[in-house]
Every structure is written in structure tokens, then in C-alpha cells.
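Here the structure comes first, spelled out in C-alpha cells, and everything after it is commentary.
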Amino acid sequence: MLIPTSVVALMISIYPVSDWLIEPLEKRFLAPETLPDTVDGIIILGGGEDVSVGISWNSKEIGLAGDRFISTQELAQIYPKAPIIFTGGVGQLTMHSHLQMQLSTQNSPLGSQILQGLGIEPERLVVERLSRNTFENFKNIQPLLPNSTGRYLLVTSAYHMPRSVGIARKLRINVIPYPVDYRSTHENFRRIDFDFYGHLQALEPAWKEWIGLTAYYWTGKTSEWFPKEN
């Protein structure tokens with residue numbers, strides 16, 4: 001058991017083998033080459049904020065997926081009249097209880113505060129803050145959408161986009177994928193670099209996402225195991 005474990009750890013340490021696992025997820029959906037003239041809103045999935053650190057220090061902390069907020073702010077400028085629909089929350093039960101305590105003393109969750117700090121007016125925000133997973137993200141925002149049959153730009157991490165689109169399609173929410181927060185590099189840039197921690201940062205969300213795709217398909221939360229562009 002020690003020998004194969006050591007071999008795998010050495011492979012992960014010296015070369016970004018994690019890219020082989022996460023790149024298919026990130027390539028599944030691409031951002032539109034030309035944005036539509038109008039959209040009915042911009043949906044941003046929570047996860048870009050570091051909830052535990054933010055609550056601990058009462059500060060606006062952005063994590064690895066902070067690109068979600070930056071890209072949403074850019075899209076908000078392109079579509080100045082489109083509502084920004086933020087759906088957040090945390091999956092861990094202990095953190096979920098802490099989040100509820102935070103919400104009882106503050107008017108808005110951390111993700112909403114970050115968006116406002118980036119210059120998005122509070123009146124443009126539609127906030128859902130009780131979700132514990134991606135399926136609940138879409139289920140909970142469904143009644144909050146300004147137009148149930150409208151088109152919405154969907155901002156989330158590229159590796160997370162296939163499962164997110166699959167859920168949206170299952171719930172008949174019309175989304176236009178706008179993936180951000182890429183974790184893999186092009187094969188021309190992959191090299192031996194002994195960056196064990198950096199490689200794990202791509203490997204960890206990759207294997208979780210493949211498991212998530214499978215679990216959501218088996219439980220009927222998506223109609224396709226690995227959704228693709230129409």
C-alpha cells in the first residue's frame with residue numbers, strides 16, 4: 001500500500017496530473033464569443049467568498065474562486081439594468097449555523113457585501129442565502145427570478161459549470177454559461193515543477209466535481225451525467 005501511494009504522491013508533486021482530470025470539466029462550456037444584446041439577469045453562484053475567514057474576522061474575504069465576483073462586476077457594467085442574482089450559503093452544518101447567526105445580525109451575507117463593495121448598487125441585488133448545495137442554489141432562486149422564461153448569464157467556476165448547467169436545464173432555467181476561475185493550464189505550459197500544493201488545489205475540486213456529477217445524475221437532479229453545449 002505504501003509503494004503505490006508514494007508513487008501517486010510523487011506524480012502529483014512533480015507534474016500537474018490534476019490538469020488531466022479538471023481540464024475536461026473546464027472545456028465543456030465556453031463563454032460566448034459575443035455576448036447577447038440583453039439578458040434578464042446575471043446569476044452568480046456563491047463559493048468565491050471565504051465564509052469561515054470572513055465571519056471569523058468580520059471582513060470581506062475572497063477565496064480561490066473570487067473571479068466570480070470580478071467577472072460579475074464586469075458584466076454588471078455591460079448590462080447596467082440587469083439584476084444581479086446572488087445565491088450563496090454553505091454546505092457544512094457547523095458553518096451553516098454560524099452563517100444563520102451572522103444573518104441575524106447583518107442585513108446581507110458576505111457575497112452580497114463583496115458585490116456592493118465592487119460598486120454594484122444594493123437595489124440591483126436579488127439575494128438567496130440559505131442554500132447548502134448547488135441544487136438548492138437553483139431551486140431557491142427559481143421563484144426569485146424576475147422572468148421565469150428569461151435568459152440569464154450564469155457565472156461560476158469553469159470546472160463547476162457542467163453540473164450547474166445540468167441542474168438549470170432540469171429546472172427549466174434558461175442560462176448562458178459564463179465560466180470563470182480556471183484551474184488548469186494548457187498542455188504547452190505544463191512542466192515538472194515540484195508544486196505539490198498547487199497541483200492539489202486543482203486535483204481536489206476536480207475529483208469532487210466528478211463525484212458530484214455522478215451523484216446528481218443518479219439522484220435525478222440532472223438529466224445528463226456530463227451536460228454539454230447544445
Explain nothing, just the number: relative contact order of the chain, from Cα pairs under 8 Å at least 6 residues apart, as a whole percent.
31
Considering the chain as a Gaussian network with a 10 Å cut-off on Cα pairs, which listed residue, Ile176, Ile78, Ile22, attains the greatest mean-square fluctuation?
Ile78
Sequence-distant residues sharing a close amide H with Arg129 (under 5 Å, placed H)
Gly88
List the trypsin sites (Lys or Arg not before Pro) in the range 129-188 that DSSP assigns to loop (not H, G, I, E or B) and whose Cβ has at most 14 other Cβ atoms within 10 Å. Which are they?
Arg172
With every protein chain kept in place and a 1.4 Å probe, the chain has an accessible area per residue in Å² of 54
Considering only Ala168, Leu64, Ser184, whose Cα is most displaced toward the positive end of the charge dipole of the chain, charges sitting on Cβ of Lys, Arg (+1) and Asp, Glu (-1)?
Ala168
Of all the stretches in the chain, which is the longest one without any exposed loop site, taking chymotrypsin sites (Phe, Trp or Tyr not before Pro) in a DSSP loop (any state but H, G, I, E, B) with at most 14 other Cβ atoms within 10 Å?
1-193
Longest principal axis of the chain (C-alpha) makes with the long axis of helix 196-218 (C-alpha) an angle, in degrees to the nearest 10, of 60
Can you tally the net charge around Tyr217? Count Lys and Arg as +1, Asp and Glu as -1, for every other residue whose Cβ sits under 11 Å from the Cβ of Tyr217.
+2
Taking all protein chains as present, what is the carbon and sulfur share of the accessible area of the chain, in % to the nearest whole number, probe 1.4 Å?
57
Which percent, nearest 5, of DSSP beta bridges in the chain are antiparallel?
5
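The values are calculated or read from the model by the stated rules, or taken from the named source; none is laboratory data. This one's a predicted model, so the numbers in the text were calculated from it and none came from an experiment. Positions of Cβ are backbone-derived with ideal geometry, glycine not excepted, and every protein chain shown enters the neighbour counts. To get the accessible areas, we keep the full protein, side chains included, count just its heavy atoms, and leave off ligands, DNA and RNA. Shrake-Rupley method; radii C 1.70, N 1.55, O 1.52, S 1.80 Å.
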